[in-house]
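Comments concern the structure below.
The values are calculated or read from the model by the stated rules, or taken from the named source; none is laboratory data. What you see is a predicted model; the values in this text were computed from it and never measured. For neighbour counting, all protein chains shown are included, and Cβ atoms are generated from backbone atoms with ideal geometry for every residue, glycine included. The area values use the complete protein model at the heavy-atom level, side chains included, leaving out ligands, DNA and RNA. Shrake-Rupley method; radii C 1.70, N 1.55, O 1.52, S 1.80 Å.
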Amino acid sequence: MVTSGDFGVNDFAFKVATVNGTGSASANGLLLQALFRMGIPVSGKNVFPSNIQGLPTWYEIRVNKDSYTARSPDFHLVVAMNPQSYGRDIEEVVSGGWILYDDTKPLEEELVRDDVTFLGLPLAEMCVREFEGSRTRILMKNITYVGALVALLDIDVEVVKGMLQEKFSHKQHLMEANFRAIEMGASAARERFDCPLPIRLERMDATSDCVMVTGNAAAALGCVYAGATVGAWYPITPSTSLMDGFTEYCERFRVDPETGKKKFCIIQAEDELAAAGMVIGAGWMGARAFTPTSGPGISLMSEFIGLAYYAEIPSVFFDVQRTGPSTGMPTRTQQGDLMLTAYASHGDTKHIVLFPADPKECFEFAVAAFDLAERFQTPTFVVSDLDIGMNDWMIPRLEWDDEYRPDRGKVLSAAELEEAESFYRYLDVDGDHVPYRSLPGVHPKGAYFTRGSGHDKYGRYTEGSDEYIEVVDRILKKVESAADSVPEPEVLAGSHGSNGAGPSSRGELSNGAGPTSYDARYGLVSIGGCHWAVLEARDELTRRGLDVDYLRVRGFPFNQTVEDFLVGHERIFVIEQNRDEQLRKLLTIETGCPKEKLTSITYYGGQPLSKGHVLEGLAQHIDVPPELLPAGAAP
Amino acid sequence: MSYITKPVARHKGDRTNGLGLTTRDYEGSMSTLCAGCGHDSVTAALIQAFWELDVEPHRVAKLSGIGCSSKTPTYFIKEAHGFNSVHGRMPSIAAGANAANRDLLYVGISGDGDSLSIGLGQFCHAIRRNVNMLYVLENNGVYGLTKGQFSASADIGSKSKKGEVNRQGPIDPVSVALTLGATFVARSFSGDKQQLVPILEAGLEHDGFAFVDVISPCVTFNDHVGSTKSYAYTRTHMHEVVQTDFVPIRSEIRTEYAEGTVREVKMHDGSSVRLRKVDDDYDPTDRHAAIEYLGSVADQGEIATGLLYLAEAGEDLHRFSATVDQPLVSLGYEELCPGSEVLREVQKEWW
Ligand SMILES: Cc1ncc(C[n+]2csc(CCOP(=O)(O)OP(=O)(O)O)c2C)c(N)n1
Ligand code: SF4
Ligand SMILES: [Mg+2]
């Protein structure tokens, strides 16, 4: 906890508890956007139910001047707008914090805590007085609490008004109503309370090079930039917005202005099996094709994934993970599909998997996935999660190199086929395990039979042991050789980067080899969306003199840097969001590291990881400075 | 070795088509199906149809699922790409392939297990989506490849080789296709090449999903007395409702028709299909009447055959998706990537 005089300025977390389907989502979006536009690093986590209307929903916002934006469960303020969840919401405020609630109805006695400050405003009553119609009143109540927060947290009201003007530029009456609600909330708060609170905001200039976007929108745009033309899908939370995004961007950038015709084809399939089949069919034809889904979809697609693997058909799968098994908790996050995607389908299979940690990497890895899928002629997965995919993240502005051209891999043209003496689909001509491919309709000499049944290197059906083994052995080598082409792991060693002024890294795609020797005793290994919490925890340890190195896996198969990191430390802590220690198991299966060396720190309750999970987990095994741990958590 | 290359023997005097190719140029590998299997006759009919239509071999894409029937694409047009996919899922592969490259001629071969059990969903949705392809269901009432279990097209009362009697009602693919709005629905018999070839030709030319259910007996597991999908049973119970003649653009009319009995339907490429009603009160362009009539034929224990329903194809996958006229695979990357300037602009919307 920061103890300096400016306690709480641009460094706190708060959450808004509402009922879903009441329009609070747009009010909360407005809040987040306002803070971002004030130049303050911020993150928003939408904790929503798998339901359309009437259940509790929360929106968590963390502001942090040092750009630590992993989830923080230490809420200094709760805006408690839902009596259904009062009990839990009031309990979650840190001691010394504040609760803003609607005191139109008095709070039940047993809910009252004496170590926090209750800020009651008769929001419902105010809205009844000010607005007509029950729907408007419900909607305006949300804007009214935003107004109260304007006063309580010192949000720049001009920023808020500016956003409302943009939003309602064509709906004057709505804009006025929103303005009134903001003013009403703000002045009511100023009348009753000492505004602003000690937790408050001050303008900064830390977001001007950044944008705020969801991982799914960024991934969708990545698919457009990669040149994907066929997308097939079956709706499933939390991946749906990826295809929504692809549709939106294609409608904007891929429609022939003269004819109005589309340079893309999106098919809403009858199920995920069909979606996978469509991607494979399109990939076979030579199109860049993809499907976004979540764990249940990958389960259904498994048979097809094996086909694409064995028949060597480029195909891209986005798995926006949610909490499993089975339907699980569809609106909560997890990293439960690491094993599933690495080895999806029956028989011996192994796949290229990329693990973005934020929307920036969702964009970049989407493009990389199509290149890898075509270069290695194999299914390629981009595995994110609900937190990355659906929440708004602050990321450095995306860049694009106009020199980029897709890597289509070894595809023979009609002229090349015409000249070739012979063409055999699965022959390792270049000795790099990647055979040449021909596309249907191009040249009679390119014709061959694509099949998921046993085939020899000439592409002919076989039930012969040697012929079969020759092909599957080559495929294994081919996929393993992709280890040096997937995004390099990000390595932070020693006190590198931990200068006390914010996260010590933001990964850049690089393909340089990592260090081969390390000084620190301990190493942390993590993956995907865990990154930001791990980084924050590690920085705190480093500042207190405990050096721990850190490696974030960004691609599978693992390369030598991963192996060297494991070997180079006395003990490794593997931090991940699933019960079964899937990353640790993958590391033990796929590297030479003895498994005793690897200790897992897992969290799998469905919320994004926070630094407390990491520090408490580490404290079970090593000496963590007690002041970094919540009271009572030290061993 | 289980792969058998078929020697290409060209005989003097073999007739050539408009491309100068003989029927042998439309053949594939040697069949490994049981001698007498109905599926091989379907293959022969397909070869004939492709040859007669002057189809460029490498412009065909052959797809199938899994089963004896699904092996068929190996046995015709070796110069075309083939895709022997997974059981029951060929329609989705075909849809994706067609979405990517609309310029090829798609032919999908399936079985009754493949299309009516494991793949019933995909079959239905391919019809709904109106994927432009010829879809041939080689229907033998059993699972051939897994050795003789009843399939979903087995009739009530039909006996298996082991003597079991099937008690579950069949799924009739023709009724399914008609109900779901298919615009080309036919049934034929592998043993009646004269009927089958023009139907396949018309199906290949049809500008949308063309469905052909071919009774194709399994000599090994379902050709015995008591089976309703045997050669003998099919021959004796076949009821040709409509006779079909396919007239390619260049060809002269070969058959003479009595006045008033023929309905000519133009295909999109200028060729035409002539439908000659054998049953006076049958109208192959009236979907509802067709469903009712075919039901009554079935009730009499007969198998209605012919091109049973034909209509304008209507919107196919590409038309309702409003895709560009050229195949998506032919679009250059420059046409697909919006570039760095647009990326800067888009990000202004990202707060
Ligand atoms: C997922 C899956 N389940 C089961 C099988 C086994 N199998 C192969 S072919 C077949 C039935 C084929 O029957 P049909 O489609 O009627 O073809 P036929 O052999 O009769 O021509 C089955 C069940 C399989 N290949 N895949
Ligand atoms: S088992 Fe039946 S369907 Fe299969 S090849 Fe033999 S005859 Fe044909
Ligand atoms: Mg069968």
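Below, the figures for the structure above:
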| quantity | calculated |
| --- | --- |
| Cross-chain or 6+ apart pairs with Cβ under 8 Å, the range A:343-359 first and closer than 25 Å to A:GLY215 by Cα and open to solvent by 20 Å² or more (accessible area, probe 1.4 Å), then of a type outside the set (Asp, Glu) and part of a loop (DSSP other than H, G, I, E, B) | A:TYR343/A:THR349; A:TYR343/A:LYS350; A:TYR343/A:HIS351 |
| Top-ranked residue in the range B:94-119 [being among the aliphatic types (A, V, I, L, M) and more than 15 Å from the chain's Cα centre (by Cα); ranked as farthest from the other protein chains (Cβ to nearest Cβ)] | B:ILE118 |
| Search result, residues across the range B:58-84 that are facing another protein chain (nearest Cβ under 9 Å), of a type in the set (Gly, Ala, Ser) and within 16 Å of ligand 2 (Cβ to nearest atom) | none |
| The range B:95-116, residues that are among the small types (Gly, Ala, Ser) and away from ligand 1 (no atom under 16 Å from the Cβ) | B:ALA95, B:GLY96, B:ALA97, B:ALA99, B:ALA100 |
| Strands (runs of 3 or more DSSP E) wholly inside the range B:85-194 containing at least 2 residues that are within 16 Å of ligand 2 (Cβ to nearest atom) and more than 22 Å from B:LEU328 (Cβ to Cβ) | B:105-111, B:133-139 |
| Only listed residue being of a type outside the set (Gly, Ala, Ser) and modelled with pLDDT under 95, chosen from A:VAL16, A:VAL42, A:VAL2, A:VAL9 | A:VAL2 |
| Condition check for B:PHE189: over 19 Å from B:HIS87 (Cβ atoms), touching a residue at least 60 places away in the same chain (Cβ under 8 Å) and either within 16 Å of ligand 3 (Cβ to nearest atom) or surrounded by fewer than 17 Cβ atoms within 10 Å (Cβ to Cβ) (or both) | yes |
| Qualifying residue in the range A:54-62 (condition: more than 22 Å from the chain's Cα centre (by Cα), at negative phi, in the same structural domain as A:ASN20 (by TED's automatic domain parsing) and part of a strand (DSSP E or B)) | yes |
| Flag for B:ASP25 being more than 16 Å from ligand 2 (Cβ to nearest atom) and either open to solvent by 30 Å² or more (accessible area, probe 1.4 Å) or more than 15 Å from the chain's Cα centre (by Cα) (or both) | yes |
| Evaluation of A:GLY96 against (1) in contact (Cβ under 8 Å) with a residue 24 or more places away in the chain; (2) within 16 Å of A:LEU197 (Cα to Cα); (3) touching a Ser or Thr at 6+ places or on another chain (Cβ under 9 Å) (one fails), failing number | (1) |
| The range A:280-290, residues that are touching a residue at least 40 places away in the same chain (Cβ under 8 Å) and touching a Gly at 6+ places or on another chain (Cβ under 7 Å) | A:ALA282, A:ARG288, A:ALA289, A:PHE290 |
| Options A:GLY44, A:GLY8; residue that is closer than 26 Å to A:ILE138 by Cβ and touching a residue at least 12 places away in the same chain (Cβ under 8 Å) | A:GLY44 |
| Unique match (being free of Cβ contacts under 8 Å to residues at least 60 places away in the same chain and of a type in the set (Phe, Trp, Tyr)) among B:TYR143, B:TYR106, B:TYR135 | B:TYR106 |
| Leading residue by the ranking (nearest to ligand 3 (Cβ to nearest atom)) among those in the range B:46-70 that are surrounded by fewer than 24 Cβ atoms within 10 Å (Cβ to Cβ) and not in a loop (DSSP other than H, G, I, E, B) | B:ILE47 |
| Conditions (1) over 23 Å from A:VAL486 (Cα atoms); (2) open to solvent by less than 50 Å² (accessible area, probe 1.4 Å): number failed by A:PRO435 | (1) |
| The range A:450-493, subset under 36 Å from the mean Cα position of the chain (by Cα) and among the basic types (Lys, Arg), residue most open to solvent (accessible area, probe 1.4 Å) | A:LYS477 |
| Residues being touching a strand residue (DSSP E or B) at 6+ places or on another chain (Cβ under 7 Å), under 18 Å from B:SER271 (Cβ atoms) and more than 14 Å from chain A (Cβ to nearest Cβ) - total across the range B:39-57 | 1 |
| Failed item in (1) in contact with a Pro (Cβ under 6 Å, 6 or more places away or on another chain); (2) more than 7 Å from chain B (Cβ to nearest Cβ), with A:ASP205 passing the rest | (1) |
| Among the residues listed as A:LEU609, A:LEU587, A:LEU615, A:LEU629, the single one being at pLDDT below 95 and out of contact with any Ser or Thr (no Cβ under 7 Å at 6 or more places or on another chain) | A:LEU629 |
| Candidate set from the range B:117-138 (those that are under 14 Å from B:SER64 (Cα atoms) and within 10 Å of ligand 3 (Cβ to nearest atom)); member that is surrounded by the fewest Cβ atoms within 10 Å (Cβ to Cβ) | B:LEU137 |
| Hits in the range B:199-235 (condition: away from ligand 2 (no atom under 16 Å from the Cβ), open to solvent by less than 10 Å² (accessible area, probe 1.4 Å) and part of a helix (DSSP H, G or I)) | B:ILE199, B:LEU200, B:GLU201, B:ALA202, B:GLY203 |
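Conditions (1) buried (at least 21 other Cβ atoms within 10 Å of the Cβ); (2) of a type outside the set (Phe, Trp, Tyr), marked per residue:
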site: A:PHE556; (1), (2): yes, no
site: A:VAL567; (1), (2): no, yes
site: A:ILE572; (1), (2): yes, yes
site: A:GLU576; (1), (2): yes, yes
site: A:LEU583; (1), (2): yes, yes
site: A:PRO594; (1), (2): no, yes
site: A:GLY605; (1), (2): no, yes
site: A:LYS611; (1), (2): yes, yes
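Table: residues versus (1) without any contact (Cβ under 8 Å) to a residue 40 or more places away in the chain; (2) open to solvent by less than 10 Å² (accessible area, probe 1.4 Å).
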residue: A:TYR234; (1), (2): no, no
residue: A:MET243; (1), (2): no, yes
residue: A:GLU248; (1), (2): yes, no
residue: A:ASP256; (1), (2): yes, no
residue: A:LYS263; (1), (2): yes, no
residue: A:ILE266; (1), (2): yes, no
residue: A:ALA269; (1), (2): yes, yes
residue: A:LEU273; (1), (2): yes, no
residue: A:MET278; (1), (2): no, yes
